[in-house]
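Below is one structure; the comments refer to it alone.
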Amino acid sequence: MSPHVLVLGGTTEARELAAALTARPGTRVTTSLAGRVTRPGAVAGEVRVGGFGGAEGLAGWLREQRVDAVADATHPFAERITANAATAAAATGLPLVVLRRPGWRPGAGDRWHPVPSLEAAADLLPRLGQRVLLTTGRLGLAAFAHLDSLHFVVRSVEPPEPPAPPHTRVLLARGPFTTADETALLRDHRIDVLVTKDSGGAATSAKLAAARDLALPVVVVRRPPLPDGVAAVPDVPAALRLLDAALRP
């Protein structure tokens, strides 16, 4: 019987993993997308959109669809679905492979201020600057809504959800970005502090190089921890090796 792999997607790595698995004869691949982005990139194999109804709903779907393995390749900050995947995999006795691109690391000349949450980032901002480039995605803007003395440039792929700070300009854009483009953006908007999540990867890392070149402080929101007992692999080849071992007859 052909193995069926559920890929929890929404990232570049998830698309690459789905493509690699689909290319294998006899392997059925279903990628699940949360549906928060209106124009997601093309995905190989089957695609489903929307939530499962928590860990219990996911476990029921895994049984109903006769899934043989789960690959969680969601965004590093998709804390809830990762927790639900761990619970559902344990409840159904299925192997779970978690794929997370490595986080960013500060280098010489970086002025990073790591914080544990968006709320902590908001608390720190008034001491660092007055003109903020906020690149934490379209969710969570409410954490900064009370900062009425600061000016924000908010960049996201989709329009951000309210409430927003009173002095906000929205830029809709999707990476990858070049260091030259990021430097021009920071200068054109007279940005004096950058806020980002530690998403990792190369597609949006150019802003960090631009901030370093301009000697700007960067508030970096740390990733949430993985569920207890869950470990992650850093790339698609490593995920494929674990899936191969789990699905081997």
Which numbered condition ARG80 misses (of (1) modelled with pLDDT of 95 or more; (2) open to solvent by 60 Å² or more (accessible area, probe 1.4 Å); (3) within 24 Å of ALA173 (Cα to Cα))
(3)
Looking at (1) in contact (Cβ under 8 Å) with a residue 60 or more places away in the chain; (2) surrounded by 21 or more Cβ atoms within 10 Å (Cβ to Cβ); (3) within 30 Å of VAL29 (Cα to Cα); (4) touching a Leu at 6+ places or on another chain (Cβ under 7 Å), which is the one condition that is false for ALA89?
(1)
Scan region 42-60 residue by residue and report those that are crowded, with 19+ Cβ neighbours inside 10 Å and among the aliphatic types (A, V, I, L, M).
VAL43, ALA55, LEU58, ALA59
Quick one: in region 126-144, which of the residues that are more than 21 Å from PHE77 (Cα to Cα) and open to solvent by less than 70 Å² (accessible area, probe 1.4 Å) is nearest to the chain's Cα centre (by Cα)?
VAL132
How many of the residues in region 160-183 are surrounded by fewer than 20 Cβ atoms within 10 Å (Cβ to Cβ), free of Cβ contacts under 8 Å to residues at least 24 places away in the same chain and assigned to a loop (DSSP other than H, G, I, E, B)?
8
Using beta carbons and a limit of 8 Å, which pairs, at least six apart or on different chains, have the first residue in region 202-224 and among the hydrophobic types (A, V, I, L, M, F, W, C) and the second one assigned to a helix (DSSP H, G or I) and at pLDDT below 95?
ALA203/THR12
Selected residue (only one of ARG101, ARG63 is open to solvent by less than 50 Å² (accessible area, probe 1.4 Å) and of a type in the set (D, E, K, R)):
ARG101
Hey, among the residues in region 184-199 that are at pLDDT 95 or above and part of a loop (DSSP other than H, G, I, E, B), which one's most open to solvent (accessible area, probe 1.4 Å)?
ARG190
Condition set part of a loop (DSSP other than H, G, I, E, B) and open to solvent by less than 50 Å² (accessible area, probe 1.4 Å), scope region 105-125, selection nearest to GLU161 (Cα to Cα): answer is SER117
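Yes/no per residue for (1) closer than 22 Å to LEU124 by Cα; (2) open to solvent by less than 80 Å² (accessible area, probe 1.4 Å); (3) in contact with a Pro (Cβ under 6 Å, 6 or more places away or on another chain):
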site	(1), (2), (3)
VAL154	yes, yes, yes
ALA211	yes, yes, no
VAL230	no, yes, no
ARG248	no, no, no
Quick check on region 28-47: of everything there that is among the charged types (D, E, K, R) and at pLDDT 95 or above, which residue is farthest from SER156 (Cα to Cα)?
ARG28
Counting only residues that are touching a strand residue (DSSP E or B) at 6+ places or on another chain (Cβ under 9 Å), within 16 Å of TRP61 (Cβ to Cβ) and in a loop (DSSP other than H, G, I, E, B), region 83-104 contains a total of 1
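Quick one: which of VAL7, VAL70 is in a strand (DSSP E or B), in contact with a Ser or Thr (Cβ under 6 Å, 6 or more places away or on another chain), surrounded by 14 or more Cβ atoms within 10 Å (Cβ to Cβ) and not small (Gly, Ala, Ser)?
On the way: VAL70 fails: in contact with a Ser or Thr (Cβ under 6 Å, 6 or more places away or on another chain).
Just one listed residue meets the conditions, VAL7.
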Residues ARG24, ARG28: which one is within 18 Å of ALA246 (Cβ to Cβ), open to solvent by 20 Å² or more (accessible area, probe 1.4 Å) and in contact with a helix residue (DSSP H, G or I) (Cβ under 9 Å, 6 or more places away or on another chain)?
ARG28
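The values are calculated or read from the model by the stated rules, or taken from the named source; none is laboratory data. Remember, it's a predicted structure, so these values are computed and weren't measured experimentally. When we count neighbours, we look across all protein chains shown, and the Cβ atoms used for this are built from the backbone with ideal geometry, even at glycine. The protein model used for the area step is the full one, side chains on, heavy atoms only, and it has no ligands, DNA or RNA in it. Shrake-Rupley method; radii C 1.70, N 1.55, O 1.52, S 1.80 Å.
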